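The values are calculated or read from the model by the stated rules, or taken from the named source; none is laboratory data. Computed from a predicted model, the values in this text were never measured in an experiment. Cβ placement follows ideal geometry from the backbone for every residue including glycine, while neighbour counts extend to all protein chains displayed. These accessible areas exclude ligands, DNA and RNA; they are computed on the full protein's heavy atoms, side chains included. Shrake-Rupley method; radii C 1.70, N 1.55, O 1.52, S 1.80 Å.
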Amino acid sequence: MSLSDLKNELIYHKLEDRYLVLPATGATVGEAAKVLQVDPDAIAKSLVLNVNEQPTVLVLSGNARLDNHHFKEEFRVRPRLLPATEAQKTGERNTLIRSADNHREVSSVTSN
């Protein structure tokens, strides 16, 4: 997803005021937490996975780890990271946002 696609998605969901431009790199959870002066759990991280041939973005709390066993129980497939080149060229996006405890779905967004 390009930066302009991300901004358009945020505007569509009326979340554009939540986009921040960091004064330094925030490539990792640790770096972003340091720049923002917050606990790493206050940072959301995303993983782009291939779930049943659908690119799916999984958003987790900063210190959360993807539990392969629970993921397979939920989706009936092993979690497989989508290569960055594939994630960028897909026009269809499925976003699954889980609660911080990683046990229940908070919201799901699908757009073309």
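A few points about this structure:
- Qualifying residue in segment 45-55 (condition: open to solvent by less than 60 Å² (accessible area, probe 1.4 Å) and part of a loop (DSSP other than H, G, I, E, B)): no
- Extreme residue, farthest from the chain's Cα centre (by Cα), among residues of segment 1-15 that are in a helix (DSSP H, G or I) and among the hydrophobic types (A, V, I, L, M, F, W, C): ILE11
- Pairs, first within 21 Å of VAL48 (Cα to Cα) in segment 1-16, second surrounded by fewer than 12 Cβ atoms within 10 Å (Cβ to Cβ), C-beta under 6 Å, six or more apart: LEU10/TYR19
- Members of segment 44-63 found to be among the charged types (D, E, K, R) and closer than 14 Å to VAL77 by Cβ, listed by number: GLU53
- Residue count for segment 16-44, restricted to those that are assigned to a loop (DSSP other than H, G, I, E, B), closer than 24 Å to ALA84 by Cβ and open to solvent by 40 Å² or more (accessible area, probe 1.4 Å): 8
- Scanning segment 50-70 for residues that are more than 29 Å from LYS34 (Cβ to Cβ) and without any contact (Cβ under 8 Å) to a residue 40 or more places away in the chain yields ASN50, ASN52, GLU53, PRO55, HIS69, HIS70.
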